[in-house]
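The values are calculated or read from the model by the stated rules, or taken from the named source; none is laboratory data. None of these values were measured; they are calculated from a predicted model. Cβ: placed from backbone, ideal geometry, glycine included. Neighbour counts: every protein chain shown. Note: accessible area is taken over every heavy atom of the protein model, side chains too, but ligands, DNA and RNA are not part of it. Shrake-Rupley method; radii C 1.70, N 1.55, O 1.52, S 1.80 Å.
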Amino acid sequence: MNAETAVSAPRRRTASDTRNSILTAANELFYAHGIRATSADRIIEQVGITKVTFYRHFRSKSDLVVAYLEQQAANEEEWMRSVRREGDPEGSLQTLATQIGEASCSPGFRGCAFLNAAAEFADPAEPVRATVAAHRAWMLEEFTDLAREAGAADAPAVGRQLMLLRDGGMVNGYLGEPTEIGASLAATFAAVLGEARTGDAPHA
């Protein structure tokens, strides 16, 4: 019997594989270099596809930006759910603050992808801004729910304060000293919840 090594033919890249490759490249380039600074041609070149293939999956660069942000939103929402500790809003916020601090210290960190995108797209009617707004509305509801769980008399106001602190932490983690962000953010979250319980929390 002739013993020959069977070599499997390489698996053909499916339409789903191609779309995922485009999104992977978009995630890397948009976040690292900015959305407007990254052309569709640069993504096409990195993925190794033709323009026809690219536009078969995304009719425009704007459609790709929306898909990129939707993927970022799904990842962040999964992460925020993972740090929630039912019945322990303080612990949930402390973990969230610690992990924001850890992310701030990681190579390539450039702050919040949604704040970055909003800064690049000023028109609130842009589909990109609508995608940003939808995710931030979800996030605000999460913070409001944490405030409500902590017994805040005015949970929506406290939720807005916690969201503002989160945004500030992300910006400072990129522009300031990242090693201090986690502890500072955790302490400020705790202070806001403590004030909310005494009924002294300012209205945002």
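Tabulated data for the structure shown
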| read-out | value |
| --- | --- |
| Over the stretch 92-158, equivalent-ellipsoid semi-axes from the Cα gyration tensor in Å | 25, 20, 7 |
| Apportionment of accessible area to carbon and sulfur, the stretch 50-198, percent (1.4 Å) | 55 |
| With at most 11 other Cβ atoms within 10 Å, longest stretch of the chain clear of loop GluC sites (Glu not before Pro) (DSSP) | 87-204 |
| Overall Cα dimensions of the chain - principal axes, largest extent first, Å | 80, 53, 29 |
| Solvent-accessible heavy-atom area per residue, rounded to whole Å², over the chain at 1.4 Å | 55 |
| Cα-based helix-to-principal-axis angle, 89-104 vs the chain, degrees rounded to 10 | 50 |
| Taking all pairs of distinct alpha-carbon atoms in the stretch 93-204, Kirkwood radius in angstrom | 14.7 |
| Long-range tail of P(r) for the stretch 28-72 (Cα pairs > 15 Å, %) | 39 |
